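Comments concern the structure below.
The values are calculated or read from the model by the stated rules, or taken from the named source; none is laboratory data. What you see is a predicted model; the values in this text were computed from it and never measured. Side chains are part of the model used for accessible areas, which takes the heavy atoms of the whole protein and leaves out ligands, DNA and RNA. Shrake-Rupley method; radii C 1.70, N 1.55, O 1.52, S 1.80 Å.
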Amino acid sequence: KNLLRKLALNDEGAIGSVFALPASGADPSGVDAKTYALVRLAGLIAIGSSSASYQWSVASSVAAGATDDEIIGVLTAVAPIVGLARVNSAAPEVALAIGCDLDLPHRFE
């Protein structure tokens with residue numbers, strides 16, 4: 001709870017420690033590696049990230065033990081919060097990252 005307070009106060013030391021957390025694996029967040037990776041994926045969906053970021057995040061999630069269904073579940077979990085446009089944009093990128101061919105028509109032919 002001390003970290004939460006410091007983050008709310010914009011404490012430079014706390015901010016620095018959060019940005020110094022590893023991209024994957026064990027960290028002081030208190031959640032397991034799979035949950036950590038899936039939450040990061042949710043964050044990327046929320047900001048409308050790049051294809052490369054989705055590739056990295058999905059690979060991290062799979063390496064941490066997430067299944068394709070759990071990764072797809074992130075899209076459905078964040079949809080009511082981030083909106084259909086973000087989920088619609090992220091879905092093909094996430095599908096590509098898990099190796100799923102959606103057989104979508106080309107948009108700009």
Fully extended contour minus Cα-Cα distance, from LEU104 to SER50, at 0.36 nm per residue: 17.6 nm
For ILE72, the accessible surface traced by a 1.4 Å probe with all protein chains present amounts, in square angstrom to the nearest 10, to 70 Å²
Using only alpha-carbon positions, what ratio does the radius of gyration of segment 30-109 give when scaled by 2.2 N^0.38 Å? 1.05
